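**Q** Sharing a structure below in structure tokens format, with a few things to ask.
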Amino acid sequence: MEPLAETARWIEEAVLGLALCPFARTPWQAGVVHLARCDAADEDGVAAALDAEIVALMAAPRETRETTLLVCTACLSDFDVFNAFLGVADALVAAHGLEGTLQVASFHPDYRFAGEPPGDLANFSNRSPYPTLHLLREVSVEEAVTAHPDPDAIWRRNVERLRGMSLEALRKLRGGGA
């Protein structure tokens, strides 16, 4: 399956289907989630693609582009390298003077939360088919969190739900991209 189609399937079946992010449904259904493919083979190429997506997102009105997911197909497949690259991503946001305006969320086929073992099924809340950098407008995050009755309960519910599923079912949802 083509990487952007596979990522869209993952969003629909895992993120929305399991309600891992209750804030994602509205922008997804409104068609204002932009998926961008990055085939760069090195970190400099990924940084250039991310920089271009930052510029494009900020130039677009929220009504046409609320958020962007940069799907990396040829680089950052090692989770530790990907995790280290998040510092570069944050530096790019800062270089544009967008701290407090944009944030970068991260998804990876081998994602693991700090201090958690790689085999913990709760890690699947951030496991995607490909290494993915998600650019989010802070105002959108604030509006969504304010409107939710109990935003702190989201992660607890996700952990409980994911740990109650089989590894095989979770792997199917994530897909096999990278």
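**Q** Is it the case, given these coordinates, that residue 28 is surrounded by 14 or more Cβ atoms within 10 Å (Cβ to Cβ), in contact with a Gly (Cβ under 6 Å, 6 or more places away or on another chain) and among the aromatic types (Phe, Trp, Tyr)?
**A** Against the criterion (surrounded by 14 or more Cβ atoms within 10 Å (Cβ to Cβ), in contact with a Gly (Cβ under 6 Å, 6 or more places away or on another chain) and among the aromatic types (Phe, Trp, Tyr)), residue 28 does not qualify.
**Q** In the range 1-111, which helices (runs of 4 or more DSSP H) lie fully inside it and hold 3 or more residues that are under 20 Å from residue 158 (Cβ atoms) and in contact (Cβ under 8 Å) with a residue 40 or more places away in the chain?
**A** Answer list for the range 1-111: 3-10.
**Q** Let me ask another. Looking for whichever is farther than 23 Å from residue 144 by Cβ, of a type in the set (Gly, Ala, Ser) and in contact with a strand residue (DSSP E or B) (Cβ under 8 Å, 6 or more places away or on another chain) here; the options are 56, 49, 91, 41. Which one fits?
**A** Just one listed residue meets the conditions, 49.
**Q** A further question follows. Going by what's in this entry, would residue 130 be described as crowded, with 19+ Cβ neighbours inside 10 Å, without any contact (Cβ under 8 Å) to a residue 40 or more places away in the chain and closer than 18 Å to residue 20 by Cβ?
**A** Judged against the criteria, residue 130 is not a match.
**Q** On to the next question. Out of 37, 62, which single residue is modelled with pLDDT of 95 or more, out of contact with any Lys or Arg (no Cβ under 9 Å at 6 or more places or on another chain) and either among the charged types (D, E, K, R) or closer than 17 Å to residue 127 by Cα (or both)?
**A** So the residue among 37, 62 that is modelled with pLDDT of 95 or more, out of contact with any Lys or Arg (no Cβ under 9 Å at 6 or more places or on another chain) and either among the charged types (D, E, K, R) or closer than 17 Å to residue 127 by Cα (or both) is 37.
The values are calculated or read from the model by the stated rules, or taken from the named source; none is laboratory data. Note that the structure is predicted; figures quoted are calculated from it, not measured. All Cβ positions, glycine included, derive from the backbone under ideal geometry; neighbour counts span all protein chains shown.
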